[in-house]
Amino acid sequence: MREHSRTEPTPAVWTGRATNRFQWVAAVAGAACMALGITLAVESPWTSGIAALLMAVIGCVAAGLLVLFGTLAFVHVAVKVDDRAMEVRCGHIGVPRRRIPLTQVVGADFAPRVSPCQWGGWGYRWRPEKGTAVIVRRGEGLVLRLGDGLTFTVTVDDAESAVRVIRARLRHPAPPAPPAATGA
(Lines give C-alpha, C1' and ligand atoms only; values in the text may rest on other atoms or scores of the structure.)
Protein backbone atom coordinates (compact mmCIF):
# COMPACT_ATOMS: atom_id res chain seq x y z
CA MET A 1 0.00 0.00 0.00
CA ARG A 2 1.28 3.47 -0.82
CA GLU A 3 2.35 5.73 1.97
CA HIS A 4 0.35 8.94 2.28
CA SER A 5 1.38 12.04 4.11
CA ARG A 6 -0.22 12.65 7.47
CA THR A 7 -1.30 16.10 6.34
CA GLU A 8 -3.46 14.75 3.50
CA PRO A 9 -7.04 15.34 4.60
CA THR A 10 -9.43 12.42 4.93
CA PRO A 11 -12.53 13.01 2.81
CA ALA A 12 -15.81 13.42 4.68
CA VAL A 13 -17.33 10.69 2.50
CA TRP A 14 -15.39 8.15 0.43
CA THR A 15 -17.19 6.44 -2.44
CA GLY A 16 -16.07 3.70 -4.75
CA ARG A 17 -17.51 1.12 -7.08
CA ALA A 18 -16.67 -1.95 -9.09
CA THR A 19 -18.32 -3.32 -12.21
CA ASN A 20 -18.47 -6.70 -13.93
CA ARG A 21 -19.56 -6.37 -17.52
CA PHE A 22 -19.54 -10.18 -17.93
CA GLN A 23 -22.70 -10.29 -15.81
CA TRP A 24 -24.54 -8.66 -18.73
CA VAL A 25 -23.92 -11.83 -20.77
CA ALA A 26 -25.66 -13.92 -18.11
CA ALA A 27 -28.50 -11.37 -17.95
CA VAL A 28 -29.01 -11.68 -21.72
CA ALA A 29 -29.13 -15.48 -21.34
CA GLY A 30 -31.82 -15.07 -18.67
CA ALA A 31 -33.83 -12.77 -20.93
CA ALA A 32 -33.52 -15.30 -23.77
CA CYS A 33 -34.82 -18.05 -21.51
CA MET A 34 -37.81 -15.88 -20.59
CA ALA A 35 -38.43 -15.12 -24.27
CA LEU A 36 -38.40 -18.84 -25.03
CA GLY A 37 -41.02 -19.44 -22.35
CA ILE A 38 -43.23 -16.66 -23.70
CA THR A 39 -42.82 -17.94 -27.27
CA LEU A 40 -43.82 -21.44 -26.16
CA ALA A 41 -46.90 -20.06 -24.43
CA VAL A 42 -48.03 -17.98 -27.41
CA GLU A 43 -47.10 -20.09 -30.42
CA SER A 44 -47.02 -23.67 -29.13
CA PRO A 45 -48.82 -26.31 -31.22
CA TRP A 46 -48.22 -28.90 -28.51
CA THR A 47 -50.74 -31.66 -28.55
CA SER A 48 -49.34 -33.61 -25.61
CA GLY A 49 -51.48 -31.78 -23.10
CA ILE A 50 -51.70 -28.54 -21.20
CA ALA A 51 -49.71 -29.84 -18.20
CA ALA A 52 -46.53 -30.37 -20.25
CA LEU A 53 -46.92 -26.96 -21.89
CA LEU A 54 -47.46 -25.21 -18.55
CA MET A 55 -44.42 -26.92 -17.02
CA ALA A 56 -42.23 -25.86 -19.96
CA VAL A 57 -43.51 -22.28 -19.99
CA ILE A 58 -43.33 -21.80 -16.22
CA GLY A 59 -39.90 -23.45 -16.08
CA CYS A 60 -38.43 -21.25 -18.80
CA VAL A 61 -39.91 -18.04 -17.42
CA ALA A 62 -38.92 -18.85 -13.80
CA ALA A 63 -35.37 -19.83 -14.76
CA GLY A 64 -35.06 -16.71 -16.91
CA LEU A 65 -36.26 -14.43 -14.12
CA LEU A 66 -33.87 -16.00 -11.60
CA VAL A 67 -30.90 -15.64 -13.92
CA LEU A 68 -31.87 -12.16 -15.11
CA PHE A 69 -32.48 -10.59 -11.72
CA GLY A 70 -29.79 -12.62 -9.97
CA THR A 71 -27.15 -11.33 -12.34
CA LEU A 72 -28.40 -7.75 -12.63
CA ALA A 73 -28.14 -7.42 -8.85
CA PHE A 74 -24.40 -7.99 -9.11
CA VAL A 75 -23.44 -6.07 -12.25
CA HIS A 76 -21.86 -3.46 -10.00
CA VAL A 77 -21.36 -2.58 -6.37
CA ALA A 78 -21.20 0.85 -4.76
CA VAL A 79 -19.37 1.44 -1.48
CA LYS A 80 -19.71 4.52 0.71
CA VAL A 81 -17.70 5.24 3.85
CA ASP A 82 -18.66 8.15 6.08
CA ASP A 83 -17.77 9.01 9.67
CA ARG A 84 -20.17 6.42 11.13
CA ALA A 85 -20.43 3.42 8.78
CA MET A 86 -19.54 1.65 5.57
CA GLU A 87 -22.47 0.96 3.28
CA VAL A 88 -22.46 -1.45 0.35
CA ARG A 89 -25.21 -1.40 -2.30
CA CYS A 90 -25.47 -3.85 -5.16
CA GLY A 91 -26.97 -3.49 -8.61
CA HIS A 92 -29.07 -0.72 -10.04
CA ILE A 93 -31.64 -0.63 -7.24
CA GLY A 94 -29.14 -1.02 -4.40
CA VAL A 95 -30.29 -4.42 -3.18
CA PRO A 96 -28.88 -6.36 -1.45
CA ARG A 97 -27.52 -3.69 0.84
CA ARG A 98 -25.35 -3.91 3.93
CA ARG A 99 -24.49 -1.19 6.41
CA ILE A 100 -21.69 -1.86 8.88
CA PRO A 101 -21.25 0.68 11.69
CA LEU A 102 -17.58 1.53 12.22
CA THR A 103 -18.09 0.75 15.91
CA GLN A 104 -18.24 -2.93 14.85
CA VAL A 105 -14.98 -2.72 12.86
CA VAL A 106 -11.64 -3.56 14.49
CA GLY A 107 -9.50 -3.23 11.37
CA ALA A 108 -9.38 -2.78 7.61
CA ASP A 109 -7.02 -4.43 5.13
CA PHE A 110 -6.28 -4.12 1.44
CA ALA A 111 -6.58 -7.37 -0.52
CA PRO A 112 -4.79 -7.07 -3.88
CA ARG A 113 -6.31 -10.25 -5.35
CA VAL A 114 -9.83 -11.26 -4.38
CA SER A 115 -11.22 -14.04 -6.53
CA PRO A 116 -14.75 -15.43 -6.85
CA CYS A 117 -13.15 -18.88 -6.35
CA GLN A 118 -12.16 -17.90 -2.80
CA TRP A 119 -15.82 -17.31 -1.95
CA GLY A 120 -17.61 -19.85 -4.13
CA GLY A 121 -18.66 -17.52 -6.93
CA TRP A 122 -19.96 -14.07 -7.66
CA GLY A 123 -22.60 -12.31 -5.61
CA TYR A 124 -23.35 -11.98 -1.92
CA ARG A 125 -21.47 -14.85 -0.30
CA TRP A 126 -21.27 -16.32 3.19
CA ARG A 127 -18.79 -18.79 4.62
CA PRO A 128 -19.22 -19.70 8.28
CA GLU A 129 -15.49 -19.79 9.04
CA LYS A 130 -14.72 -16.56 7.17
CA GLY A 131 -17.65 -14.19 7.15
CA THR A 132 -19.44 -12.54 4.25
CA ALA A 133 -18.43 -10.96 0.97
CA VAL A 134 -19.81 -9.07 -1.98
CA ILE A 135 -17.88 -10.23 -5.03
CA VAL A 136 -18.71 -8.64 -8.39
CA ARG A 137 -15.35 -9.21 -10.09
CA ARG A 138 -11.87 -10.49 -9.39
CA GLY A 139 -9.23 -8.01 -8.39
CA GLU A 140 -8.55 -5.64 -5.53
CA GLY A 141 -10.83 -5.48 -2.55
CA LEU A 142 -11.39 -4.23 0.95
CA VAL A 143 -11.50 -6.58 3.95
CA LEU A 144 -13.07 -5.37 7.19
CA ARG A 145 -12.17 -7.27 10.34
CA LEU A 146 -15.22 -7.22 12.57
CA GLY A 147 -15.53 -7.41 16.34
CA ASP A 148 -17.13 -10.87 16.17
CA GLY A 149 -13.94 -12.33 14.64
CA LEU A 150 -15.36 -12.59 11.11
CA THR A 151 -14.63 -10.50 8.05
CA PHE A 152 -16.60 -8.60 5.44
CA THR A 153 -14.94 -8.47 2.02
CA VAL A 154 -16.01 -6.36 -0.95
CA THR A 155 -14.40 -5.98 -4.35
CA VAL A 156 -14.11 -2.29 -5.11
CA ASP A 157 -11.84 -0.10 -7.23
CA ASP A 158 -9.26 1.94 -5.31
CA ALA A 159 -9.67 -0.23 -2.22
CA GLU A 160 -6.39 1.15 -0.84
CA SER A 161 -7.99 4.56 -0.41
CA ALA A 162 -10.99 3.04 1.34
CA VAL A 163 -8.70 1.22 3.76
CA ARG A 164 -6.83 4.46 4.50
CA VAL A 165 -10.10 6.33 5.15
CA ILE A 166 -11.50 3.58 7.40
CA ARG A 167 -8.27 3.32 9.39
CA ALA A 168 -8.31 7.09 9.92
CA ARG A 169 -11.92 6.86 11.13
CA LEU A 170 -11.02 4.04 13.53
CA ARG A 171 -8.19 6.15 15.03
CA HIS A 172 -10.46 9.20 15.30
CA PRO A 173 -14.04 7.99 15.77
CA ALA A 174 -16.96 10.32 15.14
CA PRO A 175 -18.57 11.95 18.16
CA PRO A 176 -21.74 10.27 19.35
CA ALA A 177 -24.93 11.25 17.55
CA PRO A 178 -27.21 13.62 19.46
CA PRO A 179 -30.17 11.89 21.12
CA ALA A 180 -33.37 11.83 19.08
CA ALA A 181 -36.20 14.09 20.21
CA THR A 182 -38.93 12.20 22.05
CA GLY A 183 -41.67 14.62 21.05
CA ALA A 184 -43.04 14.79 24.59
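Here are the numbers for this structure:
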read-out: On Cα atoms only, tilt of 23-43 relative to the major axis of the chain in degrees; value: 30
read-out: Whole-number percent relative contact order across the stretch 92-162, with pairs defined as alpha carbons under 8 Å at least 6 apart; value: 30
read-out: Per residue value of the accessible surface for the chain (all protein chains in place, 1.4 Å probe), Å²; value: 59
read-out: With Cα atoms, 0 to 90° folded angle of helix 159-171 axis to the chain main axis; value: 50
read-out: Charge dipole (debye, nearest 20) of the chain; +1 at Cβ of Lys and Arg, -1 at Cβ of Asp and Glu; value: 380
read-out: Mean Cα-pair separation over length for the stretch 1-129, i.e. relative contact order, pairs under 8 Å, 6 or more apart, %; value: 24
read-out: For the chain, the longest site-free run once GluC sites (Glu not before Pro) in DSSP loop states with at most 13 other Cβ atoms within 10 Å are removed; value: 4-128
read-out: Long-range HN-HN contacts of G94 with modeled amide H, under 5 Å; value: none
read-out: When the chain is reduced to its Cα atoms, the Kirkwood hydrodynamic radius in Å; value: 18.9
read-out: Protein accessible area in the chain, 1.4 Å probe - carbon and sulfur %; value: 63
read-out: Cα shape, the stretch 83-126, gyration tensor, a/c 1.5 rule; value: oblate
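The values are calculated or read from the model by the stated rules, or taken from the named source; none is laboratory data. From a predicted model like this one, the values you see are computed outputs, not experimental measurements. Cβ: placed from backbone, ideal geometry, glycine included. Neighbour counts: every protein chain shown. Calculation scope for accessible area: heavy atoms of the full protein, side chains included, ligands and nucleic acids excluded. Shrake-Rupley method; radii C 1.70, N 1.55, O 1.52, S 1.80 Å.
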